[in-house]
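Before any comments, here is the structure.
Throughout, read-outs are computed from the coordinates displayed, never taken from laboratory work. This one's a predicted model, so the numbers in the text were calculated from it and none came from an experiment. All Cβ positions, even for glycine, are placed from backbone atoms using ideal geometry, and neighbour counts span all protein chains on display.
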Amino acid sequence: MIDVLVVDDDVRVAEINAAYVAKVPGFAVVGRAHTAAEALAHVERTTVDLVLLDHYLPDETGLSLVARLRQRGHHTDVIMVTAARDVATVQAAMRHGALQYLVKPFAFAGLRTKLEAYAAVRRALASGEEAGQDQVDRIFSALGGTPADPAALPKGHSPLTADLVRQVLRAAEGPLSAQEVADRSRLSRQTAQRYLKLLERAGRVRLSLRYGETGRPEHRYAWRAP
């Protein structure tokens, strides 16, 4: 599980964001903070993988908090979740090492896309192996929000997640069910099904039916070679 600290000065907004995070498979909310001091104390007393960080906090800005975390040797990943839209703040966030920047207000799909891309990047980096240029490009495209595939994806969909499903299908010896894709990619079945349908509609995936003993057909998916 990826442990997440949600930081927002508005208690209600923090609860909403925490509820959003809890809906994404593989993520767990380990705390909520409403000031920079609370957030810093939480990071220093427990393990936090990712901080969803608002910029406008009552005691200091989110970016100054990131700077203090780095000064104290904390390498916790940060995704800015804020209403700050000025270019100077966005540039400062990049320089301080924020991996993503999500502008308020946003829907669940917007945050889910960021979290799924982040999880995919963590899986890629956890291999410990040398990365080829293609893999490096996929990692940076996910973090930068640039589609790894030239085909445009609908709003709310992650290019890296789509590429993860593609890799699973291409590596398979035959058609797979949505559950098999989910198991091999470590995605939820719902997420795998959503991306399989998207790729099938785009003509990238071939859909077939397999009838079992119950008489109900099982959908099977295979990558359509160019």
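Around VAL29, under 13 Å between beta carbons, what's the net of Lys plus Arg minus Asp minus Glu among the other residues? Let's see the in-between values first.
Working: positive: LYS23, ARG32; negative: ASP3, ASP8, GLU15, ASP49.
So the surrounding residues net to -2.
Please compute the length gained on full extension between LEU209 and VAL87, using 0.36 nm multiplied by the number of residues separating them and subtracting their Cα-Cα distance.
Values: separation 122, 0.36 × 122 = 43.92 nm, distance 5.05 nm.
Fully extending the segment from LEU209 to VAL87 adds 38.9 nm.
So if R0 is 22 Å, what FRET efficiency would ARG72 and ARG123 give, r being the distance between their Cβ atoms, rounded to the nearest 0.05?
Efficiency computed from Cβ-Cβ geometry: 0.20.
Using only C-alpha atoms and all pairs of different ones, pull out the Kirkwood radius for region 2-106 in Å with one decimal.
Numbers: mean 1/r = 0.0744 Å⁻¹.
Computed over Cα pairs of region 2-106, the Kirkwood hydrodynamic radius comes out at 13.4 Å.
Please give the FRET efficiency for MET94 paired with GLU38, using the beta carbon to beta carbon distance and R0 = 22 Å, rounded to the nearest 0.05. Walk me through the intermediate numbers first.
Numbers: r = 25 Å, r/R0 = 1.14.
Given R0 = 22 Å and the Cβ-Cβ separation, E is 0.30.
For Cα pairs less than 8 Å apart in space and 6+ apart in sequence, what is the mean separation divided by the residue count of region 1-88, i.e. the relative contact order in percent?
Values: 144 pairs, mean separation 27.2, N = 88.
With pairs under 8 Å counted, the relative contact order is 31 percent.
Test of understanding: extend the Cα→C-beta vector of ALA222 to 7 Å, then name every residue of region 166-188 with backbone N under 18 Å from that spot.
Answer for region 166-188: 166-181.
Please give the peptides 159-166, 24-31 ranked by average Cβ packing (other Cβ atoms within 10 Å per residue), highest first, as a rough proxy for protection. Mind showing how you got there, number by number?
Details: 159-166: 22.8, 24-31: 17.5.
Descending mean neighbour count gives 159-166, 24-31.
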